[in-house]
Each structure stands twice: as C-alpha cells, then as structure tokens.
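Visitor: Sending over a structure as structure tokens; questions will come in a sec.
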Amino acid sequence: MASKRLTYTAKNPPLRANSDDELAGPDILVVNVQRAADVDPALEEAVGFVVKAATRLRAGIMITRVGVGRYVVRAALEVPHGLTRQEYRKVM
C-alpha cells in the first residue's frame with residue numbers, strides 16, 4: 001500500500017461493504033512521511049482509501065496534521081458528504 005518513504009496505520013480495519021465481500025475501506029488512517037515532498041502524494045493515497053468509508057457513512061473527509069510529518073485522515077460526520085477539509089494542530 002505504501003512506498004518505503006511513508007507508512008500508513010489503519011486505526012479501524014476495513015469493513016465488508018456487502019455480501020460480495022467487497023471491502024469498504026478503513027474509516028481512519030494515520031499517515032507518516034519523512035520528506036515534505038511526500039506529503040501531498042501520501043495524503044492523496046490515504047484519501048483514496050478513506051473515501052470508501054466516507055461514502056458508506058455519507059460523511060466527508062477530515063485531514064488533521066497532528067505532528068511534523070504526521071497526519072490523520074478520517075471519515076468525518078461533521079464534514080458534509082463529498083467535501084474534504086484540513087485542520088492543523090499546533091505542535092509544541
């Protein structure tokens with residue numbers, strides 16, 4: 001799923017979407033990157049996985065920067081379906 005430059009941690013395992021055993025995707029991923037150049041591609045890839053859960057939940061997607069090179073991408077009911085929002089938390 002990820003290159004050697006970045007890692008993903010699924011917080012919630014993918015759920016079965018229907019009886020055809022199609023995976024719905026995880027609803028939250030933690031993304032860790034080492035280089036600034038890797039941030040956008042890594043977040044785009046993570047959103048591609050989480051969008052399945054967001055669609056199932058009729059939710060949007062929230063991307064939160066929680067540390068240097070560390071992001072949480074999740075399906076978020078507080079974000080309107082079809083939208084993606086970003087928020088940044090100060091790193092002390």
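Visitor: Over all directions, the average projected area of the alpha-carbon convex hull for region 25-90 comes to how many nm²?
Guide: For region 25-90, averaging the hull's shadow over all directions gives 3.9 nm².
Visitor: Between THR64 and VAL39, 0.36 nm times their residue separation minus their Cα-Cα distance comes to what?
Guide: Between THR64 and VAL39, full extension yields 7.8 nm more.
Visitor: For a quick check of your reading of the filter: which trypsin sites (Lys or Arg not before Pro) in region 52-92 sit in a DSSP loop and have no more than 15 other Cβ atoms within 10 Å?
Guide: ARG58, ARG89, LYS90
Laboratory data are not the source of any read-out in this text; all were calculated from the coordinates shown. What you are looking at is a predicted structure, and each value in this text was computed from that prediction instead of being measured. Please note: Cβ atoms are built from the backbone with ideal geometry, for glycine as well, and neighbour counts cover all protein chains shown.
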